[in-house]
Amino acid sequence: MFNINKIINIIILLLVFISNSALAASVSGTVFEDITGDGLTDGDFTFNDNLGDQRGLPGVTVTIYLDDGDNLPDSGDTVVATDVTDANGEYSFTGLANAVYWVASDAPTTASNGSGGLVAEQTIGMEALSTIPTPFAIQSYCADGTGGSVLTTNATHNFDVCYGGKTATGADVTTNAGTREHITGLYLDYDLGNLSFGFSFNVVVNTEFDGVGSYQQFLLNANAYNGANTMRFVPVVPPNRASWWEVENQDFDFVMVVFPTITDGNITIDGTAHDFSDATLLRDLDSTLLGTTTTVGADWNSRSISQVDAPDFAINNIADNCLRSYYGQTLAESSSWSGCSGIELAANVHNVTIRDIAIYADDSDGTVAGPAFFAPDSIQNFDFTNNVIGVLPTGADANNQIYRGVIINNGINWGAEQDYDASGQIDNNYFNNTWDTAIIIWYLTSPTDSRTKFVITDNYIINVDGSGMVFERGMNALTVQGNYIDNAGFAGIDNTSGASYLDILQNTVTNTRGFYIKSDNNYDNSTNSEWFSSAGISLGYTAHTNAEFNKVINGATGVNGIDYAAGASRAIKVSQNQFGGNGGIAIDIGENNGIETN
């Protein structure tokens, strides 16, 4: 049934619009790319150029609607005009009568640098003075952080932020004013010259698997964007876990859909949570610090390490369509982890930073999930820092184990690409409860490289069922320093294939179980893996290696402190380490376990 009163209101408004047309009010502004997604806090207030953080976006459609008298954007509002932004991102509507209007921008799909095939999320929507229909009032319709929408005021949103648009989860639909996602209202009786809209291809604002503002969309944008991308996490939805926000791979009738492989470098995945209502503030729902020990290494030359803050953003990697095996075998170097990792890189992807996130497997089926991170090639400028791997952000066990923590495999199947070009760090992470090792790497660096070109420092590795960390074939020039490894199943630090040019310094390895038995099919999927003798630190057939100032204590029965295979001109230095309470001997030299006679 028609609402006669509403029709009369529209007719009256149109008559007022026509009679006041001589006033020739106007509204104009800029649709711009907020590259970093930090709103206007970076100080760049020039939107219509191609410099700085804010850059004009050409080719975006902008629509203006005449309000039907209820001061809300809805299907009763009338389209007055549309415009397409020019080369500087500017639009303009002129010849407008005094009235309440709604201005809506389409979601941009092309970046200011010309990169296409993207989908941007809103970061900026203007707000000023008072509430509609007060003269000079400007209000954007923005998500309120609790699942609803609100017309913005200084009390709800500072600095013109409007993260996530109207709903934080919905895509823009251009059917009418009521379905628009990026919309601002105003009472217009003057010439308004800066009603602008900001969008970013780097913000994550919700916990949906896909769609605008999702983590998946950020990855898709980063793969298509010509340039660097840094994720900015600004949750505009309530946390979907106890004290953090979680995104999850999808399992549709036993068909696993995982997040996209990263195919373009220069990417940062940062789980730090920012406040949606004030771009200058952070959100930290859980102040838990993981890791109880803060001093590692020998008592006479120790090192301080920092506890790991509970992350705000987490990936629940429930993908279990993965081959699993322990190392020391060709099968273990296959690329079969593709398509089942929490984060996966394509080959030759460099300049990658992953920080302040959690990756775990919390599913009801109890099946071991794929690894947290997998790169099939060495990585230049890799930074894996302040992450929690294998357990929930609080440190509590998840329902499932993940296979491994970090896998970097430059040398698939013992003989493929071996370019030795890696650089970076795995620093100050908390690994717990992996099915196999926390860290395993192949063929990263050359013997002529600096030993600080790639470093593994200040990590907590706890309750892993394999070795704490494993250096496989072709590893050279590496520093392992200041790590705390507790209750590793095999060895704490395991140089299983004789990597050389290592500095292993100031680590604490305790409670090593050493339960693995060579050729025991219960532990290696019937592939009869090779295995060197059990030890807290197993150097194997290394050469040109220093193991100094480590504390290796409380190993299980038969577990030695440090072991290595003897050989001439190997240049191995084992010095000033601390031992105690181990079930084997402190330093074991030779291929067989225990003291050997001449």
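The values are calculated or read from the model by the stated rules, or taken from the named source; none is laboratory data. Just so it is clear, the structure is predicted and the values come from calculations on it, not from any experiment. Reconstructed Cβ throughout: ideal geometry from the backbone, glycine too, with neighbour counts over all protein chains shown.
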- Message: Six or more apart or on different chains, Cβ atoms under 8 Å: show the pairs whose first residue is in the stretch 268-287 and free of Cβ contacts under 8 Å to residues at least 24 places away in the same chain and whose second is assigned to a loop (DSSP other than H, G, I, E, B) and of a type in the set (D, E, K, R).
- Response: L281/D275; L282/D275
- Message: Checking the conditions here, which among T294, T268, T263 is under 27 Å from P376 (Cα atoms), touching a Ser or Thr at 6+ places or on another chain (Cβ under 8 Å) and of a type in the set (S, T, Y)?
- Response: T268
- Any hit, the stretch 211-227, residues being under 13 Å from the mean Cα position of the chain (by Cα) and β-branched (V, I, T): no
- Message: Restricting to the stretch 80-98, count the residues that are touching a strand residue (DSSP E or B) at 6+ places or on another chain (Cβ under 6 Å) and of a type outside the set (S, T, Y).
- Response: 9
- Residue set T175, T169, T146; condition more than 28 Å from the chain's Cα centre (by Cα), farther than 23 Å from S112 by Cα and in the same structural domain as G69 (by TED's automatic domain parsing); output residue T175
- Those strands (runs of 3 or more DSSP E) completely within the stretch 542-598 that have 2 or more residues that are at pLDDT 90 or above and within 16 Å of L502 (Cβ to Cβ) are 545-548, 560-564, 572-575
- Number of the condition not met by Y420 [criteria: (1) in contact (Cβ under 8 Å) with a residue 40 or more places away in the chain; (2) within 23 Å of P260 (Cα to Cα); (3) out of contact with any Cys (no Cβ under 6 Å at 6 or more places or on another chain)]: (2)
- Task: Tell me which residues, restricted to the stretch 222-231, are on the phi < 0 side of the Ramachandran plot and either in contact with a helix residue (DSSP H, G or I) (Cβ under 9 Å, 6 or more places away or on another chain) or surrounded by fewer than 23 Cβ atoms within 10 Å (Cβ to Cβ) (or both).
- Result: N223, A224, Y225, N226, A228, N229, T230, M231
- Message: Take the conditions buried (at least 18 other Cβ atoms within 10 Å of the Cβ) and assigned to a strand (DSSP E or B) and apply them to V62. Does it pass?
- Response: yes
- Item | Hits in the stretch 275-302 - residues which are surrounded by fewer than 21 Cβ atoms within 10 Å (Cβ to Cβ), of a type outside the set (S, T, Y) and farther than 18 Å from T385 by Cα | D275, D278, L281, L282, R283, L285, D286, A298, D299, W300, N301
- Message: Checking the conditions here, which among G185, G227 is within 26 Å of W102 (Cβ to Cβ) and touching a residue at least 12 places away in the same chain (Cβ under 8 Å)?
- Response: G185
- Looking at (1) hydrophobic (A, V, I, L, M, F, W, C); (2) in a loop (DSSP other than H, G, I, E, B); (3) closer than 24 Å to I267 by Cα; (4) touching a Lys or Arg at 6+ places or on another chain (Cβ under 8 Å), which is the one condition that is false for W435? (3)
- Message: I'm trying to understand the selection: among the residues of the stretch 423-482, which are closer than 19 Å to D377 by Cα and small (G, A, S)?
- Response: S423, G424, A438, S446, G474, A477
- A104 vs. criteria outside any loop (DSSP other than H, G, I, E, B) and buried (at least 22 other Cβ atoms within 10 Å of the Cβ): yes
- Checking T207, T179 in turn, the sole residue that is of a type in the set (S, T, Y) and under 23 Å from V103 (Cα atoms) turns out to be T179
- Of the residues in the stretch 364-406, how many are of a type outside the set (A, V, I, L, M), within 18 Å of the chain's Cα centre (by Cα), crowded, with 19+ Cβ neighbours inside 10 Å and assigned to a loop (DSSP other than H, G, I, E, B)? 8
